[in-house]
1. Scale the Cα Rg of the stretch 80-143 by the rule-of-thumb value 2.2 N^0.38 Å and send over the ratio, two decimals.
2. Can you sort ASP101, ASP11 by solvent-accessible area, 1.4 Å probe, largest first?
3. Could you sort 83-89, 4-10 so that the peptide with the highest average Cβ count within 10 Å comes first and the rest follow in order?
4. Give the cross-link partners of LYS59 among the lysines, using a straight C-alpha distance below 18 Å as the criterion and excluding same-chain residues fewer than 8 apart.
5. Suppose each label sits 7 Å from its Cα in the direction of the beta carbon; what would the ASP101-GLU135 distance come out to in nanometres?
Amino acid sequence: MEKTLTLKQKDRIARKIYKSYQRAQLDILYLNQHYNYYPQVDMFRIKDSSTIYQKADSKFIQQLERKQELENFVGIVNQIHTHLSREAYSFIENEYLNFYDASWWMPYFSRASYYRIKHRALDEFLECISAFWSEKELVKLVK
């Protein structure tokens, strides 16, 4: 990232990425459960080249491409998790992935420590992101 971002901007980027990440995981689960990507072949059926079949084929291909894009996105985010330090990943996991309570950090950190760790974790996260995505791709992802 060329310019320095405020904590709010970093937080907004991380929240949008993790919201997309969780939605992608759910979409992959849905696609796996509701679409049979390996249909059985009926040897006695003659395929007609009418538009009905072409529409079904193109829809099938679009679903496969969409599933592949979602799996690539989830794979990249999982790869980013492996490159984060234990402290940064633990913070991100509690703050963005398993967000149950907004005050989860109160028994563990003072307010100053919480924000210091948040800055460090988000800086590390954004640094890892910049290794996988260009700034143009990141802007497209955040929108």
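The values are calculated or read from the model by the stated rules, or taken from the named source; none is laboratory data. Owing to the predicted nature of the structure, the values given are computational and were not obtained by experimental measurement. Heads up, the Cβs are rebuilt from the backbone with ideal geometry, glycines too, and the neighbour counts pull from every protein chain shown. We work out accessible area using only protein heavy atoms, side chains counted, and drop any ligands, DNA or RNA first. Shrake-Rupley method; radii C 1.70, N 1.55, O 1.52, S 1.80 Å.
1. It is 1.22.
2. Solvent-accessible surface, decreasing: ASP101, ASP11.
3. 83-89, 4-10
4. LYS47, LYS67
5. Modelled inter-label distance: 4.1 nm.
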